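Notes follow the structure.
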Amino acid sequence: EPEVTQTPSHQVTQMGQEVILRCVPISNHLYFYWYRQILGQKVEFLVSFYNNEISEKSEIFDDQFSVERPDGSNFTLKIRSTKLEDSAMYFCASSRQGGTQYFGPGTRLTVL
Amino acid sequence: SQELEQSPQSLIVQEGKNLTINCTSSKTLYGLYWYKQKYGEGLIFLMMLQKGGEEKSHEKITAKLDEKKQQSSLHITASQPSHAGTYLCGAVGPTYGGSQGNLIFGKGTKLSVKP
């Protein structure tokens with residue numbers, strides 16, 4: 001059964017460094033999403049992406065964040081200058097039009 | 001903005017017992033999703049409900065959406081240790097009227113099943 005994959009599973013970085021989180025969505029899906037979950041808190045929407053552009057973004061998704069689909073299979077989230085409060089689990093999801101969002105296993109980001 | 005309240009926050013049941021988790025929305029739901037999350041892992045899709053009064057079942061899990069489309073319940077029959085985890089309800093955000101768009105989640109209900 002197709003699934004969303006994410007790499008790395010765990011990323012440790014120093015405050016101020018740039019990180020790129022990678023996702024491979026399900027192959028016939030066209031809608032892509034990033035969510036994050038700070039430890040002990042709700043899963044929060046960050047951004048949705050369709051047809052090579054951002055469809056919607058939340059207040060969390062400020063200028064420090066960017067997304068890209070560099071090729072036909074990968075979908076990335078970049079944080080330009082990480083802060084301590086960016087420490088969280090980051091989930092990628094994908095869906096067909098009007099379909100269920102399927103989530104990846106997540107990347108645990110730790111900012112020191 | 002739309003809020004989802006889940007109850008209870010946590011639940012400990014004896015294996016074999018039935019249980020119900022509730023999810024209440026402050027606004028009419030256009031689509032309601034149930035996911036299961038194990039600690040430190042991703043979200044596993046369980047079921048999606050769209051129509052008022054709709055009910056879906058998968059194995060021993062049944063989800064219902066009330067007629068007014070503001071409350072959903074998840075019922076597990078004869079619970080097993082494999083059912084343990086955190087159950088999240090998610091609703092399509094207010095930006096879109098249909099099922100495309102960002103999901104807003106409740107805080108989750110943590111279920112423990114004692115053997």
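The values are calculated or read from the model by the stated rules, or taken from the named source; none is laboratory data. Note that this is a predicted model, so its numbers are computed, not measured. Quick reminder, even Gly has a Cβ in these numbers, built from the backbone with ideal geometry, and neighbours come from all protein chains shown. When the accessible area is computed, the model is the full protein with side chains, heavy atoms only, and any ligands, DNA or RNA have been set aside. Shrake-Rupley method; radii C 1.70, N 1.55, O 1.52, S 1.80 Å.
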Kindly indicate whether any position in the range B:48-57 is part of a loop (DSSP other than H, G, I, E, B) and open to solvent by 80 Å² or more (accessible area, probe 1.4 Å). yes
Examine the range A:55-78 for a residue that is at pLDDT 95 or above, in contact with an Asp or Glu (Cβ under 8 Å, 6 or more places away or on another chain), farther than 29 Å from B:Glu5 by Cα and open to solvent by less than 20 Å² (accessible area, probe 1.4 Å), and state whether such a residue exists. yes
Return yes or no: is B:Lys110 at pLDDT 95 or above, assigned to a loop (DSSP other than H, G, I, E, B) and open to solvent by 70 Å² or more (accessible area, probe 1.4 Å)? no
Is it the case that some residue within the range B:8-18 is without any contact (Cβ under 8 Å) to a residue 40 or more places away in the chain and either among the charged types (D, E, K, R) or touching a helix residue (DSSP H, G or I) at 6+ places or on another chain (Cβ under 7 Å) (or both)? no
Residue in the range A:47-89 that is farthest from B:Gly40 (Cα to Cα), counting only those that are acidic (Asp, Glu) and within 13 Å of the chain's Cα centre (by Cα): A:Glu68
Just one of the numbered conditions (1) surrounded by 13 or more Cβ atoms within 10 Å (Cβ to Cβ); (2) among the basic types (Lys, Arg); (3) touching a residue at least 40 places away in the same chain (Cβ under 8 Å) is not true of A:Lys83; which one? (1)
What is the one condition in (1) away from chain A (no Cβ under 14 Å); (2) under 15 Å from the mean Cα position of the chain (by Cα); (3) of a type outside the set (A, V, I, L, M) that B:Lys56 does not satisfy? (1)
Checking the structure you have, find out if any residue of the range A:56-74 is in contact (Cβ under 8 Å) with a residue 40 or more places away in the chain, away from chain B (no Cβ under 12 Å) and more than 23 Å from B:Leu46 (Cα to Cα). yes
Using beta carbons and a limit of 6 Å, which pairs, at least six apart or on different chains, have the first residue in the range A:1-15 and over 18 Å from A:Leu112 (Cβ atoms) and the second one among the hydroxyl-bearing types (Ser, Thr, Tyr)? A:Val4/A:Ser94; A:Val4/A:Tyr102; A:Gln6/A:Thr107
Can A:Gly40 be described as open to solvent by less than 70 Å² (accessible area, probe 1.4 Å), more than 23 Å from A:Gly16 (Cβ to Cβ) and not hydrophobic (A, V, I, L, M, F, W, C)? no
Whether any residue in the range A:87-99 is assigned to a loop (DSSP other than H, G, I, E, B), on the phi > 0 side of the Ramachandran plot and open to solvent by 10 Å² or more (accessible area, probe 1.4 Å) is what I want to check. yes
A:Cys92 fails exactly one of (1) away from chain B (no Cβ under 14 Å); (2) under 14 Å from the mean Cα position of the chain (by Cα), namely (1)
Of everything in the range A:27-36, what is facing another protein chain (nearest Cβ under 10 Å) and surrounded by fewer than 22 Cβ atoms within 10 Å (Cβ to Cβ)? Give them in sequence order. A:Tyr31
Applying the selection to the range B:17-41, what residues are in contact with a strand residue (DSSP E or B) (Cβ under 9 Å, 6 or more places away or on another chain), surrounded by fewer than 20 Cβ atoms within 10 Å (Cβ to Cβ) and not in a strand (DSSP E or B)? B:Lys17, B:Asn18, B:Ser26, B:Lys27, B:Tyr30, B:Lys38, B:Tyr39, B:Gly40, B:Glu41
Would a scan of the range B:63-74 turn up a residue that is open to solvent by 40 Å² or more (accessible area, probe 1.4 Å), within 29 Å of A:Ile38 (Cβ to Cβ), touching a residue at least 24 places away in the same chain (Cβ under 8 Å) and not aliphatic (A, V, I, L, M)? yes
